[in-house]
Structure formats: structure tokens, C-alpha cells
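Below is one structure, written out as C-alpha cells, with a few remarks after it.
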Amino acid sequence: MGLMDRFRRRDGLSRGGPTGSTVRSSDSADAKHLREFVAARRGVEGFVEPRTTVSEVTMLLVAHDGEWTRRRVPSVQWAHDFANKLGVPSYDAAVVGIPQRMRDYNSRQKAAKAPNPFSQPPPTDTP
């Protein structure tokens, strides 16, 4: 008996299913969220992210100011069709990358967040 045999099921499949994956697939709530994001913001662009070993196909929507959201989608083709129906330009993220405005938005959000008082050194009592 090998070391990993203990973790295999008797039917030969891993605990996560046929692919060993435990991530959930997309659903109608994901599509609804994406539609609402596009409707509530301007200058939205879609970036379709391919399936990886840790996540399914996702669609990243980025607004003009860098605000963003990401949700699972059924397929790459579905994501491009979805964007076309909403009049949103869509790109393959593996080809064009992620827009700088998204990273800038994340930096602004991080800087605006109040610092954790417990991560600061204790005040010194100097007269």
C-alpha cells in the first residue's frame, strides 16, 4: 500500500471528483452579478481568464475607474457572447493581461483602509 493509496476512494477517483477539483461551477447568480455590475458602472471591459488547475473559467469585469469584479462562467465562448450581448468589449486575459487601472484601484483601496492599531509599535512614554 502506497502512501497516497490511503487518500483514494475505492472507485479510483480522488475525493474532489474526477478531476480532483473541489471548486464550484458557475450559476445564474454569477451571471446576474455580472449583469448588475455592467449596468451600474461605465466604461466596463471584460477579461476572460482561462481555466487553471485551481479555478474554472472566470470573467473579470473592470470599470473605467479600476473597480472590478470576478465570477466563474460556464466557458470562454459563453463569456465572450455575454460581453457582446451587453456591448462590453472582451479580451482574453492570458493574451492582453490585466489592466493597470485595476492594480491602481487596489492600491488606492489598500491605502485608504485604516491601519490596524495592533500592527503599530506601542507608543513610547517620553517626556
Amide H partners (placed H, <5 Å) of SER90, local residues excluded: GLY46
Size of electric dipole in the stretch 47-118: Cβ of Lys, Arg +1 and of Asp, Glu -1, about Cα centre, debye, nearest 20: 240 debye
Reachable aspartates and glutamates, given that their alpha-carbon falls under 16 Å from the alpha-carbon of LYS113 and they are not under 8 places away in the same chain: GLU67, ASP104
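Readers should treat all values here as calculations from the given coordinates under stated rules, not as data from a laboratory. Keep in mind that what you see is a predicted model, and the values were worked out from it rather than measured. Counting neighbours? That spans all protein chains shown, and the Cβs are built from the backbone with ideal geometry, glycine included.
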